[in-house]
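Trainee: Handing you this structure, nothing more for now.
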């Protein structure tokens, strides 16, 4: 792992976006975004913990996803908070590198549009570029399902 967000912060070719409408106001949605250690409640197979910091800008977070014997460790740094609209992180690991953003856009009727966007730098050079079209659909489905679960939990008052 590196803690150098400059190179990790560059957008990569592995781009994924998911969107959902949450029947809750943007400030509540934002509070749920930044309940870092509760993200495992809406991101399947994942445990999240704050490694360093107070949850604000500069905080280091570790998300560990475990499916059977496979373990993926995602270390990220919170680089920008703009309540109640936006959270920006940079993924700093060997496998997952690049910027990510969660945006909350207020809508009429107390609803909020949520957009989760990731720009991963693809590992393994040319092999990563060829593998991405195969991996992308699964990434898109995973992010979309996680956001739908996030919306249900926020709407039910379970999050934050």
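The values are calculated or read from the model by the stated rules, or taken from the named source; none is laboratory data. Predicted model, so just to flag it, every value in this text is computed and none were measured. Please note: Cβ atoms are built from the backbone with ideal geometry, for glycine as well, and neighbour counts cover all protein chains shown.
Trainee: Mind checking whether some residue in region 29-37 is in contact with a helix residue (DSSP H, G or I) (Cβ under 8 Å, 6 or more places away or on another chain) and part of a loop (DSSP other than H, G, I, E, B)? Can you show your working first?
Mentor: Applying the first criterion (in contact with a helix residue (DSSP H, G or I) (Cβ under 8 Å, 6 or more places away or on another chain)) to region 29-37 yields 29, 32.
Restricting the remaining residues to those that are part of a loop (DSSP other than H, G, I, E, B) gives none.
No: zero hits.
Trainee: State the number of residues belonging to region 40-63 that are out of contact with any helix residue (DSSP H, G or I) (no Cβ under 9 Å at 6 or more places or on another chain) and free of Cβ contacts under 8 Å to residues at least 24 places away in the same chain. Step through it out loud before you land on a result.
Mentor: Filtering region 40-63 for residues out of contact with any helix residue (DSSP H, G or I) (no Cβ under 9 Å at 6 or more places or on another chain) gives 40, 45, 51-54, 56-58, 60, 62.
Those still in the list that are free of Cβ contacts under 8 Å to residues at least 24 places away in the same chain too: 40, 45, 52, 54, 58, 62.
Summing the residues that are out of contact with any helix residue (DSSP H, G or I) (no Cβ under 9 Å at 6 or more places or on another chain) and free of Cβ contacts under 8 Å to residues at least 24 places away in the same chain in region 40-63 gives 6.
Trainee: So, one more: Within region 119-128, can one find any residue that is within 11 Å of the chain's Cα centre (by Cα) and modelled with pLDDT of 70 or more? Write out each step before concluding.
Mentor: Within region 119-128, the first condition is being within 11 Å of the chain's Cα centre (by Cα), and the residues that meet it are 119.
If we keep only those that are modelled with pLDDT of 70 or more as well, we get 119.
Yes, some residue in region 119-128 is within 11 Å of the chain's Cα centre (by Cα) and modelled with pLDDT of 70 or more.
Trainee: Exactly one of these conditions fails for residue 66: (1) under 20 Å from residue 46 (Cβ atoms); (2) modelled with pLDDT of 95 or more. Give me its number.
Mentor: (2)
Trainee: Filter region 21-37 down to the residues that are surrounded by fewer than 16 Cβ atoms within 10 Å (Cβ to Cβ) and in contact with a strand residue (DSSP E or B) (Cβ under 7 Å, 6 or more places away or on another chain) and list them by number.
Mentor: Listed by number, the residues that qualify are 21, 37.
Trainee: Filter region 54-88 for residues that are outside any strand (DSSP E or B) and farther than 19 Å from residue 32 by Cβ and give the result.
Mentor: Narrowing region 54-88 to residues outside any strand (DSSP E or B): 54-59, 68-69, 83-85.
Correct list: 58, 68, 69.
Trainee: Still on this structure, I have one more. For the subset of region 38-53 comprising residues that are outside any strand (DSSP E or B) and buried (at least 18 other Cβ atoms within 10 Å of the Cβ), which member is farthest from the chain's Cα centre (by Cα)? Before you say what the answer is, go through the steps one by one.
Mentor: At the first step, the residues of region 38-53 found to be outside any strand (DSSP E or B) are 38-45, 53.
Next cut, buried (at least 18 other Cβ atoms within 10 Å of the Cβ) only: 39, 42-43.
Values: 39: 9, 42: 11, 43: 9 Å.
Applying the filter and picking the extreme gives 42.
Trainee: Here are the criteria: (1) free of Cβ contacts under 8 Å to residues at least 60 places away in the same chain; (2) under 20 Å from residue 29 (Cβ atoms); (3) surrounded by fewer than 20 Cβ atoms within 10 Å (Cβ to Cβ). Tell me which single one residue 115 does not satisfy.
Mentor: Every listed condition holds for residue 115 apart from (1).
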